[in-house]
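Since the structure comes first, as structure tokens, the remarks are kept for the end.
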Amino acid sequence: MELDVFTLFPDWFGWFLSQGSSVRFFNYRDHTPLSAGQVDDTPFGGGAGMVLRVDVVDAALRAAYGEERGDRRIVALTASGRQLDDDLATELAREPALTLLCGRYEGFDERVVEHLATDAISIGRYVLSGGELAAMVVADTVLRKLPGALGHADSAVEESFSEALEGQPEYPHYTRPASYRGWDVPEVLLSGHHERIREWRREQSRSRSR
């Protein structure tokens with residue numbers, strides 16, 4: 001996958017690069033058509049805060065992709081967007097190219113969402129200072145679904161909210177020691193009986209969902 005992030009703070013994403021992730025970063029200020037690196041302006045109709053300008057975002061996208069953006073998914077990260085879940089992450093992971101647009105201040109001029117983005121996504125019903133943390137969440141949950149990302153092919157198959165678990169939370173995990181301060185690992189997990197273990201895990205997953 002080709003993953004691009006448009007942001008005012010590309011340095012915040014150093015962790016992704018340190019993990020060997022193939023991510024490109026574009027700074028809105030590097031491509032703004034306005035003087036002195038301006039990227040935002042006051043909202044029409046009044047109100048507090050500043051709004052990221054549509055011409056600034058468009059200029060950055062044109063600098064990166066030209067006029068033709070093909071089938072690239074361009075996601076505006078905004079509180080009003082579709083809520084991120086495992087199904088959406090799986091859908092995005094199938095894309096050959098994905099772009100994440102980070103808002104800042106009071107968010108985007110709505111024309112960014114309406115005309116420049118193909119999707120609008122939210123990571124939850126709360127407000128962040130900008131889209132950078134949201135972009136990290138989306139990028140991590142998408143990249144970990146790519147083949148080879150987790151080292152073991154089965155690692156991402158049977159996990160919370162996956163199709164293998166019928167969209168339910170993952171079952172509990174235990175490791176050594178088998179007994180610690182009187183806190184014992186469930187006996188079934190020590191039994192070596194694989195079918196019983198599978199049934200126990202399915203039931204634990206269902207009970208967590210309830």
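At a glance:
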item	result
Protein-only accessible surface order, largest first, of 137, 127, 142 at 1.4 Å	127, 137, 142
FRET efficiency, 1/(1 + (r/R0)^6) with R0 25 Å, evaluated for residue 15 and residue 202 via beta carbons	0.10
Whether region 58-151 is rounded, prolate or oblate, judged on the alpha carbon gyration tensor where a/c under 1.5 counts as rounded	oblate
Protein accessible area in region 101-210, 1.4 Å probe - carbon and sulfur %	48 percent
Region 36-92: C-alpha gyration tensor shape, a/c 1.5 cut-off, then a/b vs b/c	oblate
Candidates 45, 148, 37: whichever shows maximal mean-square fluctuation once the chain is modelled as a Gaussian network with Cα springs under 10 Å	45
Relative contact order [Cα under 8 Å, 6+ residues apart], region 1-147, whole percent	28 percent
The chain, helix-only ellipticity at 222 nm - DSSP H runs n ≥ 4, -39,500 (n - 2.57), divided by all residues, nearest 500	-7500 deg cm²/dmol
Whole-number accessible area per residue in Å² for region 4-156, which is evaluated in the context of all protein chains at 1.4 Å	53 Å²
Theoretical FRET efficiency, 1/(1+(r/R0)^6), r = Cβ-Cβ of residue 44 and residue 173, R0 45 Å, to 0.05	0.30
Per-residue HN-Hα couplings for region 181-194 [Karplus 6.51, -1.76, 1.60; θ = phi - 60°; Hz; x = Gly/Pro]	6, x, 9, 9, 5, x, 4, 4, 6, 9, 6, x, 8, 5
Radius of gyration and maximum dimension Dmax of the chain, Cα, Å	21.5, 70
Cα centroid of region 161-210 to Cα centroid of region 120-136, whole Å	32 Å
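The values are calculated or read from the model by the stated rules, or taken from the named source; none is laboratory data. Predicted, not measured: the structure shown is a model, and the values here were computed from it. No Cβ is skipped: glycine too gets one built from the backbone with ideal geometry, and neighbour counts run over all protein chains shown. Side chains included, ligands, DNA and RNA excluded: accessible areas come from the protein's heavy atoms. Shrake-Rupley method; radii C 1.70, N 1.55, O 1.52, S 1.80 Å.
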